[in-house]
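First comes the structure, then the notes that go with it.
Just so it is clear, none of the values below were taken in a lab; they were calculated from the coordinates. In this text, all values refer to a predicted model and were calculated from it rather than measured experimentally. Don't worry about glycine lacking a Cβ; one is built from the backbone with ideal geometry, like all the others, and counts go over all protein chains shown.
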Amino acid sequence: MATDKIEETIKEIAVKHGIAVGRDDPILILQTINERLMQDSAAAQQEILDHFKEELEAIAHRWSDDAKNKAERTLNAALTASRETMTQTMQEGAKSAAELIRREIKAASAQFAAPIHEAKRVALMNLVAAGMTIIAAGLVLWAASM
C-alpha cells in the first residue's frame with residue numbers, strides 16, 4: 001500500500017512539474033515524513049474527538065439526571081400542594097356539613113319546643129287536678145267518718 005502511494009506521488013510530480021523522481025529521491029522522504037505526521041495528527045485528533053464525545057455524553061447524562069430530579073421535585077411539590085388543598089377542602093366541607101346539620105337540628109328542636117312546653121303544662125295541670133281530686137276524696141272520707 002505504501003508502495004502504491006509512492007508510485008502515485010512519483011507520477012503526480014512528473015505530471016505536474018515535469019520532473020522525473022526516483023524511488024530513492026530525498027523528496028520522497030519528506031513525503032513519507034509528511035504522511036506519518038498526518039497519520040499521527042489524525043490519530044491524535046481522533047483521540048481528542050473520542051474524549052470530547054465521552055465528555056459530552058457524561059454532560060448529557062448529568063443533565064438528564066438533573067432534569068429528572070427537578071421533574072420529580074416539581075411533581076412531589078405539586079402532589080403535596082394538591083394533597084394539602086384536598087385536605088383543606090375536605091375540612092371546609094366537613095365544617096360546612098356540620099354547621100348545616102347543627103342548623104337543621106336547631107330548627108327541628110325549635111319546632112318541637114312549643115309542643116313539648118305545651119305537653120309539660122298539660123301534665124302539670126293534670127297533676128294539680130289529680131292532687132285536688134285526692135284532697136277532695138280525702139275530705140269526703142273525713143266528712144263521712146265524722
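When the trypsin sites (Lys or Arg not before Pro) in the range 6-103 are filtered for DSSP coil states and for at most 12 other beta-carbon atoms within 10 Å of their beta-carbon, the remaining sites are Arg23.
Under the simplified labelling scheme, the Met125-Ser64 pair shows an inter-label distance of 9.3 nm, with each label point 7 Å from Cα along Cα→Cβ. Report, in degrees rounded to the nearest 10, the 0 to 90 angle that the Cα long axis of helix 2-17 makes with the longest principal axis of the chain. It works out to around 70 degrees.
Measuring between their Cα centroids, the range 95-146 and the range 1-39 lie 133 Å from each other. According to the Kirkwood relation over distinct C-alpha pairs, the hydrodynamic radius of the chain is 28.0 Å.
Rounded to the nearest 10 degrees, the inclination of helix 26-145 to the longest alpha-carbon principal axis of the chain is 0 degrees.
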